[in-house]
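This report refers to the structure that appears directly beneath it.
The numbers here are math on the coordinates, done by the rules we state, and not lab data. This structure is a prediction, so every number in the text was calculated from the model and none was measured. Note that each Cβ is placed from the backbone with ideal geometry, even for glycine, and that neighbours are counted across all protein chains shown.
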Amino acid sequence: MFANLAEKLQETLRKLRGKGKLSEKDVDLALREIRLALLEADVNFKVVKDFIAGVRERAVGEEVRQSLTPGQQVVKIVHDELTALMGRQQSKLNTAGSPGVIMLAGLQGSGKTTTAVKLALNLKRSGSSPLLVAADTYRPGAAEQLQVLADAAGLPCFRMEGAGPVKICQEAVRFAAREGHTPVILDTAGRLHLDAAMMEELKEIKAQLKPAEVLLVVDAMTGQDAVNAAASFHEALGLTGVILTKLDGDTRGGAALSVRAVTGCPIKFAGVGEKLDALEPFHPERMASRILGMGDVLTLIEKAEASFDQQKARELEKKLRRQEFTLDDFREQLQQLRKMGSLEEIMSLLPSAQLPKELRHLSVDEKQFKRIEAIILSMTPEERRRPSIINSSRRRRIARGSGTTVQDVNRLLAQYAQMQKLFKQMGQKGFKQLKKGKRRGGFPFF
Amino acid sequence: MRRLDHLFREGELTEEFFDSLEEALILGDVGVEAALKLIEQLRSETRRRKVRSAAEAREILVEEIAAMLSLQEEPPDPGGDPLVILMVGVNGSGKTTTAAKLAHRYRQEGRQVLLVAGDTFRAAAIEQLQIWAERAGAALIKQQPGSDPSAVFYDALHAARARGIDVVIGDTAGRLHTRVNLMEELKKIHRVISRVQPGAPHRVLLVIDATTGHNGIAQARYFNEAVPVTGLVLTKLDGTARGGIVVGIQEVLKVPVSYVGVGEKLDDLLPFNAADFARALLA
């Protein structure tokens, strides 16, 4: 397996860290490694060249020579420059206009249709009333796909048979103005940036509709060609931003750096899963940290805060103190954990360098969660409060009721018993210690 | 875009020449590891053969890459049963369109083709394949969206025998190779197919987008671990991307490239030509 960029940089920079003085040769050695790592992460060749030149200039300069910890200083420079390249600030979506118009464009298969719906759902949740527009009249089934996804998300979708894309968009905006929808999100057909006629069509849509945002949808797994496509789309349309898709795989996502460097446009969102709410605001600073192996702890904390009910957390804490943690509470904890996303997703946000190696590529069977839930739900309320009454006949009934085996039930009960023992040991004092840590809002299992 | 031509005209084998070749390979998404290795080999080869001209050196590199990519897919032998082909790959790589193009190819040869709507997850994927099936003149087996894809294949294989179909082409849902559960689902599809018809699927085609970077290597590795891949299809080669990642894939996994996709029309699927591909990579 390849080490990822973060691991590689970490490895290289660890060697530098210990040094009291950095020779130019030391710096060159590290920069060579960083160059290879960035290329392997699919950052564009020319972008890497510029990046390395920028880091080198600063790394052999005064700030490092005068530093007592030159290794640390180089780490900081690499991180700084990476963040600078990615854009410093998180960039918000512009939905100005009545109705506001957001136009999505991109190559075939980059994920425009799914992204359009994710974006609309995101806007709906923050109080807007968006309208989705099926402007892809070329790919068979494209309009149906948008319609089905829109229905699933409870969003309106504008379709028109037999009309061209420009006409559809115009009618959609008129419809939106009448019905009070804003913004209007245009899902255009995927096209090659070489296809002059198709690019002309996009220009026409832009000229007629005057969108507040023209967003390029880019597959995070794209290689060196990301710059060619991005530059062409930017030249033709004057992009205002980028949405990165499929960032939930194991891609190192160098395309993000390339596209940003070539267009100068901010990356506004990142798609991180197949579910319709798997779209996150893109935080350049955090992405840089993630690449450098410092982990995306900020996102993790935000997720935890968003999905944890503070009130429930306080109740739970009380119960734990009084050692009244029941199987019902256990199930609730699991549910809250699941609300944060898949375990794999959560793991990917943790600083990889701090995790034991076996855990870094851990894959968790999500079905296991469901099984545990089913087992607990197959118990009577009394059994959940006092698991000690569960004898073998009850075990058999629970296993049958939950579609599992007696062994599964036993395993769960054993785990629960262990956990109770743990809480007993922690007692009052242990809790205070836990609370002092960066853990916020009841999270006893982390 | 003939960015390298001036180098070959100038003729000398300079450091700059090798560096530029390396750059061309990396820009073509060949992959850093494979690119460095190829250039190293070229250096020693030109020394050994006392090659002086850049044009000659390029020919050596073209031959080397072409040789790497010249593997052929084993001709499948379904006996008297239908030939079964399974399309797999990540989201948006072009599986559905490629399945349709492949159906069209077999139809041109006069064979009876059955398309299987095995992508029951993506919204309207079934409708998309249905439209393609009509255009290609192929039959279609489908079920409700959200149904078990393995069940769709179970039905399809029985239907294929009953109807005297020659070729069964199965579309599957796009899945990121890191999604364990989805890869398990793919394994199950494969298992069910080979249970209904021993020896099938005869061809498992991994569809890779030509714009893919290093991630293509991981895709090939993981998919091949789940279901033994017999060939690659490199799609969207009509853009500016060169699809060099198939060279990188060749380094770790010996899987032949079977077809390339070069457009949105039904006949835009061509057999892979290693020499042409290598030449385009270094153009």
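Applying 1/(1 + (r/R0)^6) with R0 = 56 Å to the Cβ-Cβ distance of B:GLN108 and A:SER393 gives a FRET efficiency near 0.25.
Report note on the peptides B:250-257, B:144-151: ranked by the mean count of other C-beta atoms within 10 Å, highest first, their order is B:250-257, B:144-151.
By the Stokes-Einstein formula, at 0.692 mPa s and 37 °C, segment B:2-69 with its Kirkwood radius over alpha-carbon pairs has D equal to 274 µm²/s. Remark: for residue pairs B:LYS101/B:LYS187; A:LYS92/B:LYS265; B:LYS50/B:LYS236; A:LYS118/A:LYS370, the C-alpha separation exceeds 30 Å in A:LYS92/B:LYS265; B:LYS50/B:LYS236.
Dividing the mean sequence gap of close Cα pairs (under 8 Å, 6+ apart) by how many residues chain B holds gives a relative contact order of 26 percent.
Charge tally around A:GLY100: other residues with Cβ under 12 Å, Lys/Arg +1 each, Asp/Glu -1 each, net 0. 3J(HN,Hα) couplings calculated from phi for segment B:35-47 with the Karplus curve 6.51 cos²θ - 1.76 cosθ + 1.60 (θ = phi - 60°) are, in sequence order, 5, 4, 5, 4, 5, 4, 4, 5, 4, 6, 5, 5, 5 Hz; Gly and Pro show x.
Summing Lys and Arg as +1 and Asp and Glu as -1 over all other residues whose Cβ lies under 11 Å from the Cβ of A:ALA189 gives a net charge of -2. Taking the alpha carbon gyration tensor of segment B:83-272, multiplying each eigenvalue by 5 and rooting it gives semi-axes of 24, 19, 15 Å, largest first.
Given the pairs A:LYS167/B:LYS95; A:LYS112/A:LYS167; A:LYS76/A:LYS268; A:LYS167/A:LYS246, which are separated by over 27 angstrom at their Cα positions? Where the Cα-Cα span goes over 27 Å, the pairs concerned are A:LYS167/B:LYS95; A:LYS167/A:LYS246.
The phi torsions of segment B:241-246, fed into the Karplus equation with coefficients 6.51, -1.76 and 1.60 and a -60° offset, translate into couplings of 6, 9, x, x, 5, 5 Hz, rounded to whole numbers, with Gly and Pro shown as x. The slack in the chain from A:GLU382 to A:LYS167, taken as 0.36 nm per residue of separation less the alpha-carbon distance, amounts to 71.0 nm. Summing Lys and Arg as +1 and Asp and Glu as -1 over all other residues whose Cβ lies under 12 Å from the Cβ of B:ILE169 gives a net charge of +4. The distance separating the Cα centre of segment B:104-122 from that of segment A:219-262 comes to 33 Å.
Remark: mean inter-chain Cβ contacts per residue of B:212-223 equal 6, using a 10 Å Cβ-Cβ cutoff to other protein chain atoms. Summary of the geometry: segment A:117-173 and segment B:207-283, compared by the centres of their Cα atoms, lie 33 Å apart.
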